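The values are calculated or read from the model by the stated rules, or taken from the named source; none is laboratory data. Since this is a predicted model, take the numbers as computed values, not measurements. Cβ atoms come from the backbone with ideal geometry, glycine included; neighbour counts cover every protein chain shown. Calculation scope for accessible area: heavy atoms of the full protein, side chains included, ligands and nucleic acids excluded. Shrake-Rupley method; radii C 1.70, N 1.55, O 1.52, S 1.80 Å.
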Amino acid sequence: MDLSIEDRQLLAGDAGPAAQLAMRIVVRMAESMGVNYLIDITGAHVDSCLYHGQSGLDFAGRLLEGGASVVVPTTLNVSLLDLLHPELNRGDEAESQAARRLASMYEEMGCQPTWTCAPYHLEKRPSFGEQVAWAESNAIVFANSVLGARTARYGDMIDISAAITGRVPAAGLHLDDNRHGTILIRLMDVSPDLLDLDQLYPVLGTVVGSVSGARVPVIDGLPATLSETRLRALGTGAATTGSVGMFHAVGSTPEAPSLDAALGARDPQEVVDVTAQDLREARNRLCTASTTELSSVCLGTPHYSIDEFHVLVSLLADRQVHSGVDFYASTGRSVLAELELRGWADLLRSAGVTLVVDTCTYVSPILADTAGTAMTDSAKWAWYAPGNLGVDVVFAGTSECVESAVAGRVVLDERVWSGV
C-alpha cells in the first residue's frame, strides 16, 4: 500500500485505538480490492447505527472505548425505532433498549442525529464530483446518479471506519473510468401516458436492477429532465433488486447529457430492450395480495420529501382515512419540522395519517396489523415487507393508495396499464 504519512500514523495508533482499528479496516478493504492507495472524503452517511444484534453494539462499544470520533461531517441512517415517538413501537422492549443504546453510541462519536435514509433531503448535501462514503442503497445510487457525487457501496462497519479516518480506497465509483455505463437498457413501445405515470419509475427500477446486477446501467428512451422524485424512485428500485450503485438516465442525470457520454464513447457489454408488457409484469411481481381487503397503507420508503408530502396533502384535502385502515407516512426529522411549520403535519394527522420518523415501517415493529393486506407506492417496501413482516402487499401509485385508504379497500386505476 502506498499510504500517506497521516495514514501510517493512524495505523501506528498515534490517534488512539479506535482510529487505528478503523484505518486497519479501510486498508484491509483496499488490499482485498487490489487497490494500493486511499483518497480523502468530505462526508459520510452511516448505516451501522441500525440495530441488527449484539455484534453491532460490540463494535460500536469498542470504537467508543478507543476514543472514536468522526473527522468528517457524518449523518446517520434510520434506527430500528422512531426515537421521537416511542409509543409507536410494538417490539420487544429489550431489543428497543439495545437499539437506543446503539443510537446513543453513534451520537457520542460525533455523528449527526439525522436518522434518515434520505440524507439528500438535508440542507447540506454533496456537490458534483465530491468524494463521500455513503451507506444505504437508495442514498448511494442517488448520490452517484442524481447529484453526481462519488461513493462506493459502503456497508456496516466500513462506513463508520471511513468517517473516523476520512479515507477510502481509490476504487469503484470513486474513479472516472468506473462511472461509465456498461449495459444499455432501451425502452421500446412504452406510451407517453405510461411514461408520465409516477409509479412507472419504481417499477422500471426493479427491472433495471434485476438485469444489471452490479453494473452501471444506461437507460435510453425516458423523457428528458426527469424530476428528482422520479429519478430517486428509479434508483431505489434498481438498488433493491440489484446491486446498482449508479445509473444514467439519458437527458436527465448529470453525467448523461447524451447516450455516447453515458457510455464513455464505448459499446455496451449488453443491450436489453424493455417493453410495456415487461413493465406490467414487473409491477405484478410487486403484488402478493389477492384480496381487496385493506389493513394498512405505508408510504415514505425512502423517506418522503416535502414535494411528496405536498402531493399527499392535496390528495387528502377534506378527506378522512377509513377507520379500518392504518395509514403510515415515514420521513426524516428535518422534513417533519418543515411539515410542522407549514401546518401540514396537523392536517395529515387529523385526516388519519400517522407520521413516522427515524425509521421505516418495513424494518421497525410499528404496523398494528401484519396479518392483513398493506398497500404502498414504494417498490422497495413492496419488495422487502413480505419477507420482513409477513404481510401481503399491493403496489400502486400514491393516488391509488390514498383512494384505497379512504374507501377502506384496495382501489386500483388500470386505465393507463390496460392497453399493455
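Compute the semi-axes of the equivalent ellipsoid of segment 1-43, taking the square root of 5 times each eigenvalue of the Cα gyration tensor, and list them largest first in whole Å.
Working: eigenvalues 55, 25, 21 Å².
One finds semi-axes of 17, 11, 10 Å for segment 1-43.
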Report the local net charge at residue 256: Lys and Arg +1, Asp and Glu -1, summed over other residues whose C-beta lies under 12 Å from its C-beta. -2
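Over segment 254-369, calculate the relative contact order: mean separation of alpha carbon pairs under 8 Å at least 6 apart, over the residue count, as a percent.
Values: 103 pairs, mean separation 28.9, N = 116.
In percent, rounded to a whole number, it is 25.
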Treating the chain as a set of equal point scatterers at the Cα positions, no solvent, please give the Debye-formula log₁₀ I(q)/I(0) at q = 0.07, 0.12, 0.13 Å⁻¹. -0.34, -0.98, -1.14
Looking at segment 301-420 from every direction and averaging, what is the projected area of its Cα convex hull in nm²? 7.5
Can you send over the solvent-accessible area of residue 247, 1.4 Å probe, protein chains only, in Å² to the nearest 10? 0
Rel. contact order, % - alpha carbon contacts under 8 angstrom, at least six apart, the chain: 16
Can you pull the Kirkwood radius for segment 71-166, inverse mean 1/r over Cα pairs, to one decimal in Å? 14.3
In deg cm²/dmol and to the nearest 500, what is the mean residue ellipticity at 222 nm of the chain if only DSSP H runs of at least 4 residues count, each as -39500 (n - 2.57), divided by the residue total? -11000 deg cm²/dmol
Taking the Cα-to-Cβ direction at residue 418 and at residue 95 and moving 7 Å from each Cα, how far apart do the two end points lie in nm? 4.4
q = 0.14 Å⁻¹: log10 I(q)/I(0) that the Debye formula gives for segment 158-281, counting C-alpha atoms only: -0.59
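How high is the relative contact order of segment 1-134, in percent, with contacts defined as C-alpha pairs under 8 Å that are six or more residues apart? Please report the intermediate quantities before stating the final value.
Values: 166 pairs, mean separation 38.0, N = 134.
For segment 1-134, the relative contact order is 28 percent.
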Gained length - residue 340 relative to residue 191, 0.36 nm times residue gap less alpha-carbon distance: 49.7 nm
Quotient of Cα Rg and 2.2 N^0.38 Å for segment 19-116, N being how many residues it contains: 1.20
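What is the packing order of peptides 41-48, 84-91, taking the mean over residues of other C-beta atoms within 10 Å and listing the highest first? Kindly include the intermediate steps, with their values, before the conclusion.
Values: 41-48: 25.0, 84-91: 13.6.
The densest-packed peptide leads the list: 41-48, 84-91.
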